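Below: the structure, in structure tokens.
The values are calculated or read from the model by the stated rules, or taken from the named source; none is laboratory data. Just so it is clear, the structure is predicted and the values come from calculations on it, not from any experiment. Virtual Cβ from ideal backbone geometry, glycine too; neighbours counted across all protein chains shown. The area values use the complete protein model at the heavy-atom level, side chains included, leaving out ligands, DNA and RNA. Shrake-Rupley method; radii C 1.70, N 1.55, O 1.52, S 1.80 Å.
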Amino acid sequence: MSGLRLRIVVKGAVQGVGFRPFVWRLAQELDLGGHVRNEGGAVIIEVEGFRTAEFLTRLGQEHPRAARVDQVAFEPCEPLGESAFNIRESRQGSRPDVIPDLATCPDCLRELFDPASRFFGYPFVNCTRCGPRYSILERVPYDRAHTTMAAFAMCAACRAEYDNPGDRRFHAQPTACPACGPALSFSDASGAILDASPLTLAAAALREGLILAVKGLGGFQLLVDATRADVVARLRQRKHRPDKPLAVMTRDLAAAQLCAHVSPQEAELLQSPAAPIVLVASKAGALAANVAPGLLEVGLMLPTTPLHHLLLRAVEFPVVCTSGNLSEEPLCIDNAEALQRLGVVADRFLLHNRPIRRALDDSVARVIDGAPQVLRMARGYAPLLLPMAGPPAMAVGAHMKNAPAIRVEDRAILGQHVGDLENTLALDALRQTAADLRQFFHAVPEAAACDLHPDYGSTRFAAELGLPVLPVQHHAAHALACQAEHGLDSALAVVWDGTGLGPDGSVWGGEFLQIRGTRFSRVAHLLPFRLPGGDAAARDARRALAGLEGAQGPSAPLCSSVGRLFDGFAALLGLCGPQSYEGQAAMLLEAAVAPQRADAYALPLADGQLDWRPMLAAARKERETGVAAAKFHNALVEAILAVARTVGEQRVALCGGCFQNRYLTERALRRLREAGFAPVIPRRVPPNDGAIALGQLAALTGDADVPCRARPH
Ligand SMILES: [Zn+2]
Ligand SMILES: [Zn+2]
């Protein structure tokens, strides 16, 4: 063969997603010679023949949907007269391939429901474009022997597909079929296996209104009929989760559209390979009212595995699909452990014998300001890799929404959501996840970073590591995480959340931090008020109100938290008293906002402090709750604008848990843009404390000068 020979380097998330077989088939079709191989984090292709230009075009257009192509570079090279095209064995790079789990692809879905396919009705069908990855991987490189599928010997038919470069299952490490792969079983809460079709029994249990525990991809989930308030109430009672919204799984997009208003972008996110829970505007009456009480949005997801597809098609209704744990405990991943720990919650268990290597909760995401944003980073997204120069290090994260991170070879690797560190089981889960990150990525950290707060479970864990530990102020960590994600050099970071210890010993949370390179300064903040009960005030919105009203003596700690300001206003408007989950009062206040109002309360800026007192007085006289809620939100947005104008940085980063508030965030982005600023929000890392470890790592680069990082005592 002659013609042109090209050497093509494709960078991005291109390994373990069926990229090489795709390249092989394309080269065959276009009659090209050459080879393809993985090297480091890239795919290297050499093609030779007369249709190389067409190859390049189609490479960009038709690659597997789970791949993310960041860069394609090519250069001509000397033709070798090659006519055959080969897939070469991967050269062992020093950097391990990391592949998140992928939801069932359209081809596997077709086979799942095709009576003529040997995969018909098989709950574990997968291929190079979909299926379990990180959740079953013991260690790299990504090879069947290194997964929990090692115990299952492939049958002749699976082996033939696995060895055939022209097949969709060429080197599909977890491939399996009914003849050789994992199988389902079904048991009652006592662990007694029932001898009938597990799927039929599971569907019947859901129809009867029972609570079903399902061994999913990255851990157990609890399922109930989402249209029946009585069974949702029973689940809430047994799980000790009175109000926190529950996610719902529907059989397909059409069914999701019956429960919610799903935009085209939201549909794309729901159907993406990561297949997260997506927050969407709910439609009244489609789901039981106690699925997401008092809120305008509901978390929806589509089936993520063949097992879920089969189950959801076997029942006629959407199902609540929530983490298989008791409130504030880690996710169960093991059959015996699940039977023991979830026996008090679930009536029936749908089990299988493919072991889960590490717990990965369902991720939560949304479309905001026209693009996706991750709110809980786990299955389908974890681990997240970002370039970050610096010595090998470990960061242990915050106390709530904990997720640890490590840095190795100038990459920051943010681990999956662990959860709130409220008990020893959760702290053990952090220990495990941190150890797993070190082992998996061959990291030997030289230093560690933790939060400034001495009582966080994560801070205590950092002390166990036997490394020098740098305490990093909470809001500086938020800003640094956003800076790391977006590569910001100088910016104004608006960091608003519920609570974080300031270097002065007070509770921060309404912070404006100016970043210039590695230098930080606190340029403005919310006027502090006394917070009765300190951190415990988060559990009852009325405490924050008492603080705002000055009903407290000087013994209560001072706080500048916008999260607590939300609590206080929610209590003032009678929307919330005791909170049964983090952010409840703020979410109810957001849901109360009267639409289409541009007016705002006065929230004057004086001496770098936002004075909320005129706003409190005005809200007290307001007749309509919705109007008060709107003017409160609008006042906060105008305050951001006022500070941004004073500081004069073009880039304005909005981060911290308060920016999970859609109304606040979208309005702030719009107003900032109108005024000529270039605002950014976290996208690939959560705006909440799930991002803290990434910021802590960034503080460990050696030259970072974060003035608020010294321990106060
Ligand atoms: Zn597939
Ligand atoms: Zn087989």
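Report the local net charge at ALA570: Lys and Arg +1, Asp and Glu -1, summed over other residues whose C-beta lies under 13 Å from its C-beta.
Local charge sum for ALA570: 0.
Counting only helical runs of four or more DSSP H residues, what would the 222 nm mean residue ellipticity of the chain come to if each run contributes -39,500 (n - 2.57) and the total is spread over all its residues?
Working: 20 runs with 206 residues, N = 713.
One gets -8500 deg cm²/dmol as the mean residue ellipticity at 222 nm.
Nearest 20 debye, what's the magnitude of the dipole of the chain about its Cα centre given +1 on Lys and Arg Cβ and -1 on Asp and Glu Cβ?
560
Would you work out the charge dipole size for segment 581-637 about its Cα centre, treating the Cβ of every Lys and Arg as +1 and the Cβ of every Asp and Glu as -1, and quote it to the nearest 20 debye?
In debye, rounded to 20, segment 581-637 gives about 240.
Using only Cα atoms, figure out Rg for segment 49-205 and give it as a multiple of 2.2 N^0.38 Å.
It is 1.31.
Order the following by accessible area, largest value first: THR518, THR646, THR305. Probe radius 1.4 Å; ligands, DNA and RNA are ignored.
Ranking THR518, THR646, THR305 by accessible area, largest first, yields THR646, THR518, THR305.
What's the magnitude of the charge dipole for segment 611-703 around its Cα centre, counting Lys and Arg as +1 and Asp and Glu as -1 at the beta-carbon? Answer in Debye, nearest 20.
Values: 14 positive and 9 negative charges, 69 e Å.
Roughly 340 debye for segment 611-703.
Using a 1.4 angstrom probe, figure out how much accessible area the chain has per residue, in square angstrom, rounded to the nearest whole. Please list the in-between numbers first.
Working: 26010 Å² over 713 residues.
Computed with neighbouring chains in place, this is 36 Å² per residue.
Would you please calculate the Kirkwood hydrodynamic radius of segment 568-713 over all C-alpha pairs and express it in Å, rounded to one decimal?
Values: mean 1/r = 0.0587 Å⁻¹.
One over the average 1/r among Cα pairs gives 17.0 Å for segment 568-713.
Could you list which residues have their amide H under 5 Å from that of LEU375, counting only those 5 or more apart in sequence or on another chain, with H placed in the peptide plane?
VAL364, ALA365, ARG366
Which one, PHE50, ALA678, GLY517, projects farthest toward the positive side of the charge dipole computed for the chain from Cβ point charges (K/R +1, D/E -1)?
Of PHE50, ALA678, GLY517, it is ALA678.
Which shape class, rounded, prolate or oblate, goes with segment 1-116 when its Cα gyration tensor gives a ≥ b ≥ c as root eigenvalues, a/c under 1.5 marks rounded, and past that a/b bigger than b/c marks prolate? Present the calculation step by step, with values, prior to reporting the outcome.
Numbers: a/c = 2.10, a/b = 1.40, b/c = 1.50.
Oblate shape, in that a/c is at least 1.5 and b/c is the bigger or equal ratio.
Report the residues of segment 564-582 in range of a label on ALA602: point 7 Å along Cα→C-beta, backbone N strictly under 19 Å from it.
Zone members listed by number: none at all.
Which percent of Cα pairs goes in each bin when the distances of the chain are cut into 20 angstrom slices starting at zero?
It works out to 17, 49, 29, 4, 0, in whole percents.
Using the alpha-carbon atoms, what tilt in degrees (0 to 90, nearest 10) does helix 198-207 show relative to the longest principal axis of the chain?
The two axes meet at around 30 degrees.
For the chain, what is the relative contact order in percent, using Cα pairs closer than 8 Å and at least 6 residues apart in sequence? Mind dumping the intermediate values first?
Working: 1745 pairs, mean separation 77.3, N = 713.
Normalised by residue count, the contact order of the chain is 11 percent.
For segment 579-711, what relative contact order do you get, as a whole percent, if you take Cα pairs closer than 8 Å and at least 6 residues apart?
20
Evaluate the relative contact order of segment 40-192 (contact order divided by residue number), counting alpha-carbon pairs under 8 angstrom at least 6 apart; express in whole percent.
20
Mind ranking ASP114, ASP611 by accessible surface for me, highest first, 1.4 Å probe?
Correct descending sequence by accessible area is ASP114, ASP611.
Keeping all protein chains in place and using 1.4 angstrom, which order do THR701, THR433, THR424 fall into by accessible surface area, from largest down?
The ordering from most to least exposed comes out as THR424, THR701, THR433.
With every protein chain left in place and a probe of 1.4 Å, what is the accessible surface of LEU296, to the nearest 10 Å²?
110
Quote the accessible area belonging to PHE659 in square angstrom, nearest 10, computed with a 1.4 Å probe and with ligands, DNA and RNA left uncounted.
Using a 1.4 Å probe on the heavy atoms, I get roughly 0 Å².
Quick one: angle between helix 562-572 and the longest Cα principal axis of the chain, in degrees between 0 and 90, rounded to 10, please.
So the helix axis and the longest Cα principal axis differ by about 60 degrees.
Per-residue accessible area for GLU549 at 1.4 Å probe radius, Å² rounded to 10?
Surface open to solvent at GLU549 totals about 90 Å².
Carbon and sulfur together cover what percent of the accessible area of the chain at a 1.4 Å probe radius?
Percent of accessible area from carbon and sulfur atoms in the chain: 51.
Can you find, among ALA145, PHE120, GLY219, the residue farthest towards the positive end of the dipole of segment 102-246? Put +1 on the C-beta of Lys and Arg, -1 on that of Asp and Glu.
So the residue we want is GLY219.
May I ask for the net charge around LEU603, where only other residues with Cβ less than 9 Å from the Cβ of LEU603 are counted and Lys, Arg are +1 while Asp, Glu are -1? Could you put the intermediate results ahead of the total?
Working: positive: none; negative: ASP611, GLU638.
Result for the neighbourhood of LEU603: -2.
Among ALA274, LEU26, ALA556, which residue has its Cα positioned farthest towards the positive end of the charge dipole of the chain, with +1 placed on the Cβ of Lys and Arg, -1 on the Cβ of Asp and Glu, and the dipole taken about the Cα centre?
The Cα lying farthest towards the positive end belongs to ALA556.
For segment 371-434, what does the alpha-carbon gyration tensor say about shape, rounded, prolate or oblate, given a ≥ b ≥ c as the root eigenvalues, a/c under 1.5 as rounded, and a/b over b/c as prolate? Don't skip to the end; give the middle numbers.
Values: a/c = 2.37, a/b = 1.28, b/c = 1.86.
Since a/c reaches 1.5 but b/c is at least a/b, the shape of segment 371-434 is classed as oblate.
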